[in-house]
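The values are calculated or read from the model by the stated rules, or taken from the named source; none is laboratory data. From a predicted model like this one, the values you see are computed outputs, not experimental measurements. Every residue, glycine among them, receives a Cβ derived from its backbone with ideal geometry; neighbour counts consider all protein chains shown. Accessible surface areas use protein heavy atoms only, side chains included; no ligands, DNA or RNA. Shrake-Rupley method; radii C 1.70, N 1.55, O 1.52, S 1.80 Å.
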Amino acid sequence: MWGYDVNERHRADAIVEVLSDYDHEFPLIEKGLSKAECHGIADKLGLKRPVMYDMGYPNNNCIGCVKGGMGYWNKIRIDFPEVFERRARQEREIGHSCIKGVFLDELDPNRGRMDLEIMEDCTIACQILAK
Ligand code: SF4
């Protein structure tokens, strides 16, 4: 069962295609529910949403998502400095930056606007590796 919302049909389609040997359920898409509607329903039911939303992040990605932009990483730097430092070290170890062309240890703290950044989709390979 997957938690993609009605605006993420393309992700559901990709999952069905990549994992075609399995049956998949997408209850939010089947009910036509958006993420905002789900948050509203959860709130009415008294369910607490993941703290990352309350901290101002647009989704509940892994803390230190490798697909975040400059604004995202500068917020992670403030909110989760140990994660920022670890990812910065990892970038240097593997010789590849999360943000195209800028290593985290060189990122200007004033760059980026998370509210304008669109994070790329999680891919199934990333989800498997993140486990
Ligand atoms: S699995 Fe990968 S892409 Fe998805 S939230 Fe985690 S780090 Fe980001």
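How large is the dipole of the chain about the Cα centre if only Lys and Arg carry +1 and Asp and Glu carry -1, each at its Cβ, rounded to the nearest 20 debye? Display every interim value, and only then the final one.
Values: 18 positive and 23 negative charges, 80 e Å.
Dipole of the chain, to the nearest 20 debye: 380 debye.
Treating each Cα of region 1-49 as an identical point scatterer and summing with the Debye formula, the log10 of I(q)/I(0) at q = 0.31 Å⁻¹ comes to -1.11. For region 1-49, GluC sites (Glu not before Pro) meeting the loop criterion (DSSP other than H, G, I, E, B) and having at most 15 other Cβ atoms within 10 Å: Glu25.
Within the assembled protein chains, the solvent-accessible surface assigned to Ile99 is about 20 Å², based on a 1.4 Å probe.
Size of region 67-116 from its Cα atoms: along the principal axes, largest to smallest, the extents are 29, 22, 17 Å.
Let me know the Kirkwood hydrodynamic radius for the chain, please, with Cα pairs as the basis and the value in Å to one decimal. Intermediate results must be reported in sequence, preceding the final value.
Details: mean 1/r = 0.0604 Å⁻¹.
Hydrodynamic radius (Kirkwood, Cα only) of the chain equals 16.6 Å.
Heavy-atom surface analysis with a 1.4 Å probe gives the chain a carbon and sulfur content of 55 percent of its accessible area. Shown for the chain: lysine pairs separated by 8 or more places, or found on different chains, whose C-alpha atoms are under 25 Å apart, numbering 15.
Using the heavy atoms of the protein chains alone and a 1.4 angstrom probe, what is the accessible area of the chain per residue in square angstrom?
On the way: 9000 Å² over 131 residues.
Per-residue value: 69 Å².
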